[in-house]
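Let me begin by presenting the structure, written as structure tokens, before commenting on it.
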Ligand SMILES: [Zn+2]
């Protein structure tokens with residue numbers, strides 16, 4: 001069998017807490033084999049850059065990747081949802097193009113693993129034709145009795161699908177949110193996840209309006225669901241996100257998306273569940289004007305936090321690197337190595353689990369801002385630094401497209 005072999009010389013190599021200077025990184029058959037001190041003769045020199053693990057976008061919706069700018073996020077949250085639903089209805093055949101463009105944009109900006117929420121109009125081929133790696137979560141939606149059998153059948157059919165020529169890509173399930181999924185459909189998805197080992201992702205505790213609906217069955221969500229003709233009496237009232245966390249905790253692996261309004265008790269609960277990860281989407285969170293996100297408290301309690309971009313319906317681009325720069329700016333007291341973990345290993349574990357190959361040779365190439373003295377722990381995510389390329393599977397060096405990274 002022929003081995004594919006590649007080696008790169010870089011000024012900085014950063015992986016987890018380890019920082020190495022002036023090294024050659026040896027890769028064979030898509031795996032990191034060795035880090036050698038100094039420059040090896042055959043190595044491709046990438047020069048004055050930092051080589052870091054490929055970034056992990058734990059939550060996005062690639063189907064909206066053709067949007068040039070976000071759908072306005074000011075005002076009522078349900079107005080934004082109504083616009084998203086209208087957009088989907090107006091562009092029923094654009095999903096394959098959106099997946100292609102979204103994956104391309106992600107890879108060019110340093111992301112090599114993606115948790116994508118897929119609804120309709122997609123096929124495995126759309127992902128295979130792109131350089132997609134990660135988990136495709138099939139979204140499940142339904143409040144009425146009549147939706148149950150079709151949606152549970154859809155969930156079963158996804159789990160039965162296989163990725164050709166990939167041992168790391170997975171399918172997952174995403175019961176959308178408490179306001180759009182009836183409790184027995186959620187329970188059905190959880191049971192499938194338990195028996196198949198598949199990961200599950202759910203939007204939760206995203207807005208005060210969602211909490212109101214769960215607690216009292218009233219508010220803007222009730223109005224929207226009534227306007228859509230899908231409101232059902234008896235589904236809401238007397239609940240909190242804690243009830244949903246308890247159900248999601250039954251899954252072998254679950255991603256709690258947003259969690260903007262989780263309470264101290266919720267965070268304490270999450271911290272005791274190593275199989276659960278909170279996915280924070282920093283720029284989307286900021287765009288909706290929510291109060292400060294509780295992710296640092298969860299980290300303090302020992303829980304797991306990963307980072308997502310969410311989609312181009314609420315974010316100007318799909319750059320996970322830009323999310324980490326945003327975090328670094330907001331939390332100047334934090335080591336950039338801690339921020340790097342949120343955008344790499346934590347997301348990888350959330351999507352693929354503990355068995356994920358840690359030596360997989362996916363890397364992001366970061367060029368330091370001109371005039372900046374490189375110090376990975378302090379300025380890896382400085383505002384002027386840029387992703388200039390991505391190494392995918394040890395071989396292809398994908399150059400960043402200036403139009404998406406500037
Ligand atoms: Zn989302």
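Among the listed residues 132, 137, 171, which satisfies the condition of being on the phi < 0 side of the Ramachandran plot, surrounded by 14 or more Cβ atoms within 10 Å (Cβ to Cβ), within 16 Å of the chain's Cα centre (by Cα) and not in a strand (DSSP E or B)?
Working: 137 fails: not in a strand (DSSP E or B); 171 fails: not in a strand (DSSP E or B).
Matching residue, one of 132, 137, 171: 132.
Restricting the stretch 87-119 to residues that are buried (at least 22 other Cβ atoms within 10 Å of the Cβ) and in a loop (DSSP other than H, G, I, E, B) leaves a set whose member that is farthest from the ligand (Cβ to nearest atom) is 110. Every residue in the stretch 295-312 that is within 10 Å of the ligand (Cβ to nearest atom) and either assigned to a helix (DSSP H, G or I) or more than 20 Å from residue 325 (Cα to Cα) (or both), please. Once the filter is applied, which keeps residues that are within 10 Å of the ligand (Cβ to nearest atom) and either assigned to a helix (DSSP H, G or I) or more than 20 Å from residue 325 (Cα to Cα) (or both), the stretch 295-312 yields nothing. For the stretch 54-86, filtering for residues that are touching a helix residue (DSSP H, G or I) at 6+ places or on another chain (Cβ under 7 Å) and assigned to a helix (DSSP H, G or I) leaves 7.
Contact map, the stretch 243-269: residues that are free of Cβ contacts under 8 Å to residues at least 40 places away in the same chain and farther than 18 Å from residue 207 by Cα paired with residues that are in a strand (DSSP E or B) and more than 15 Å from the ligand (Cβ to nearest atom), Cβ distance under 9 Å, separation 6+ or inter-chain. Pairs shown: 249/276; 269/276. Say whether the condition of being closer than 26 Å to residue 230 by Cβ, in contact with a strand residue (DSSP E or B) (Cβ under 7 Å, 6 or more places away or on another chain), outside the structural domain of residue 30 (by TED's automatic domain parsing) and assigned to a strand (DSSP E or B) is met by at least one residue in the stretch 143-150. Scanning the stretch 143-150, I find no residue that is closer than 26 Å to residue 230 by Cβ, in contact with a strand residue (DSSP E or B) (Cβ under 7 Å, 6 or more places away or on another chain), outside the structural domain of residue 30 (by TED's automatic domain parsing) and assigned to a strand (DSSP E or B), so the answer is no.
Yes or no, residue by residue, for (1) in contact with a strand residue (DSSP E or B) (Cβ under 7 Å, 6 or more places away or on another chain); (2) under 14 Å from residue 352 (Cα atoms); (3) assigned to a strand (DSSP E or B); (4) not assigned by TED's automatic domain parsing to the domain that holds residue 247:
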position	(1), (2), (3), (4)
167	no, yes, no, no
184	no, no, no, no
202	yes, no, yes, no
213	no, no, no, no
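Taking the criterion of being within 16 Å of the ligand (Cβ to nearest atom) and either in a loop (DSSP other than H, G, I, E, B) or surrounded by fewer than 19 Cβ atoms within 10 Å (Cβ to Cβ) (or both), the residues of the stretch 245-261 that qualify are 259, 260, 261.
For the stretch 71-82, filtered to residues that are under 13 Å from residue 312 (Cα atoms), surrounded by fewer than 20 Cβ atoms within 10 Å (Cβ to Cβ) and within 15 Å of the ligand (Cβ to nearest atom), the residue that is modelled with the lowest pLDDT is 73.
Quick grid of which residues meet (1) over 15 Å from residue 15 (Cα atoms); (2) touching a strand residue (DSSP E or B) at 6+ places or on another chain (Cβ under 8 Å); (3) at pLDDT below 95:
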site: 336; (1), (2), (3): no, no, no
site: 357; (1), (2), (3): no, yes, yes
site: 362; (1), (2), (3): no, yes, yes
site: 366; (1), (2), (3): no, yes, no
site: 386; (1), (2), (3): yes, yes, no
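The values are calculated or read from the model by the stated rules, or taken from the named source; none is laboratory data. Since the structure is predicted, the reported quantities are computational estimates derived from the model, not experimental observations. Here the Cβ is made from the backbone with ideal geometry for all residues, glycine too, and neighbour counts use every protein chain on show.
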